[in-house]
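Values in this text are rule-based calculations from the coordinates and carry no lab data. Just so it is clear, the model here is predicted, and its values are computed rather than measured. Backbone-built Cβ (ideal geometry, glycine too); neighbour counts: all protein chains shown.
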Amino acid sequence: MRLLPIVIFCMHRRLPILSSFEGARTGRRSICNAGVLRRKGSRMSTQTQERLGKIMVPIMAIFALGASQGGVNAGMATMSMAFPDAGANIAYIVSIVALGMIPSGIISGAVTGKFIKYRTSIIAAIVLYVISGCWPFIAQGTSFEALLVSRFIFGFAVGWSYPLAQALVFKSVSDEHKRASWLGVGMCCFNLGSMIMEFAGGYLAVISWQACFLVYLIGIIPLVVVIFTLKEPETDAQQAEDLAKATGQAVKAKIPPITFCYMLMLTLVTGFAMPTILYCSFVIADPIVAGWILSAMTLVGAASGLTLGPVYKKLGKWTLPLSILVLGVLYVAAAVLSQPGSFNLALYAVAFLVGHWGFAIIIPGTGDMVTNLTPIAAATRAMGFNTAFHQLGCFIGTPIAALVMSLVGGASVIDVLLPTAIAIIVLGVIDLVLVGCTKMEKYGDAYGKIDAGSIED
């Protein structure tokens, strides 16, 4: 968590939050209602930069809790000995977290800001995160079924707070390029949080498999940060009302159907990418080397998040299909190099890690595309759905691998890597067509625009 202020300090000097009528996102206000910024081309004042840093600290702290599944990976071997009857189902201790995130993301997006205040919603979710995360240590001697229930509840807590971090960025940053940069920083914090938890979980697992669940006490840090620094934002409806007053037109609170096409692409790409990540340790026989490669993957993911802003500035909406194609092509190379007769560790590591750049761009890049397509009146709901679709992709990775193995008649999990990587390339081509058919000027705050006077109370 010490890295978080450094990342934010480096970024906030050039990424303004728009708090008034400016550009395409007319009428939006910052979370803390900071003063009006000058027109494009003017430099931000020192005061505005300081406000920006204060706004983003709690949001990035929430992002850091988004990748919490792997915090207990180090204790999986001893867990399997503690629950010998579980067999292969022991893996659900990790994957069921994603399953819990799917409904909670949708529910969180639907009720937060409408029935529950943002601060209340996030604080309650983090408290549940800490309690349910540590529950296997608190209730030692619990059954395997009860352990899975606690992990599902834990996933529910993670899935509740994570989309709200995305929504707060959406609601705060008006300029699409700067918003892409901040979502990329969020992805960086997401990976840094994962890395810290995996390292801490490894040390705690030396004590016992129950002790590794204490890694989730780290949630207390973001909890304190949120309590003392997060200001209650305007609701989506309030921001939409500001937009109507500024332009004389209002936007209906609808999520464009095409947005769900991009979310579905995220689900499929994630699902077909997961086998390459999950079975890395099968490709690399030495567990120490495999561990280093996976740790490097997390670092690549953190660094890649910081590149989303510059890449999006150059490529715009084409960022998504390009990153999918990069991921697919390099994962194909990794799959070819992973075959027993042609295995080359150095080349495999390069293909695997550079390919992961694409994966680390796709996740926040899809979130950014969703923000560009969705009117502000539906901001929080849209990000809730986006989280659900993402986690569905994480969850279906193993079933996809099992299905592909049965179709190709594979004798080893390594046999599924090439077909799943080729499928990613196909998805990249489909996304290329989808992006080409998407007329961005029709969406965002222009979607469903009507005269403000025609809206019924």
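Computed over the Cα atoms of region 169-217, the ratio of the radius of gyration to the Kirkwood radius (Rg/Rh) comes to 1.28.
Modelled spin-label separation between Ala246 and Ile221, with each label point placed 7 Å from Cα along the Cα-to-Cβ direction: 3.6 nm. For Phe228 and His177, the FRET efficiency from 1/(1 + (r/R0)^6), where r spans their Cβ atoms and R0 equals 25 Å, is about 0.25.
Taking amide H positions as modeled 1.01 Å from N, with prolines and chain starts lacking one, the residues under 5 Å from Gln249 and 5 or more places away or on another chain are Ala452. Fewest-first ordering of Leu417, Leu147, Leu347 by other beta carbons within 10 Å of each residue's beta carbon gives Leu347, Leu147, Leu417.
By other beta-carbon atoms within 10 Å, ranking Leu432, Leu243 with the fewest at the front produces Leu432, Leu243. Could you give the dipole magnitude of region 93-206 about its Cα centre, charging the beta-carbon of Lys and Arg +1 and that of Asp and Glu -1, in debye to the nearest 20? Dipole of region 93-206, to the nearest 20 debye: 380 debye. Comparing Leu392, Gly355, Phe343 along the charge dipole axis of the chain, the residue lying farthest to the positive side is Gly355, per the Cβ-charge model.
Modelled spin-label separation between Thr78 and Cys437, with each label point placed 7 Å from Cα along the Cα-to-Cβ direction: 5.3 nm. Between the listed residues Leu427, Leu223, Ala273, the Cα displaced farthest toward the positive end of the dipole of the chain, a dipole computed from Cβ unit charges relative to the Cα centre, is found at Leu223.
Taking a straight line from the alpha carbon of Lys245, these lysines sit under 27 Å away, with near neighbours fewer than eight places off in the same chain left out: Lys40, Lys114, Lys117, Lys171, Lys178, Lys231, Lys254, Lys439, Lys442, Lys449. Legend: helices of the chain (whole DSSP H runs) are marked when their alpha-carbon atoms reach 20 angstrom or more along the helix axis and their mean Kyte-Doolittle hydropathy is at least -1.0; marked are 46-63, 92-111, 118-138, 144-172, 176-205, 257-278, 287-305, 319-337, 345-373, 379-408, 417-437.
Taking other C-beta atoms within 10 Å as the exposure proxy, Tyr129, Tyr162 rank Tyr129, Tyr162 from fewest upward. Which residues in region 197-223 have a backbone N closer than 19 Å to a point placed 7 Å from the Cα of Ile288 along the Cα-to-Cβ line? Inside the label zone: 199, 202-203, 206. The modelled label-to-label distance for the pair Leu264/Ala91, using points 7 Å beyond Cα in the direction of Cβ, is 2.6 nm. Three semi-axes describe the equivalent ellipsoid of region 330-419; taken as square roots of 5 times the Cα gyration tensor eigenvalues and ordered largest first, they are 33, 18, 7 Å. Applying the Karplus relation 6.51 cos²θ - 1.76 cosθ + 1.60 with θ = phi - 60° to region 208-218 yields 3J(HN,Hα) values of 5, 5, 5, 5, 5, 6, 5, 4, 6, 5, 4 Hz, where x marks Gly and Pro.
Of interest is the spacing of the C-alpha centroids, which for region 337-351 and region 78-118 amounts to 34 Å.
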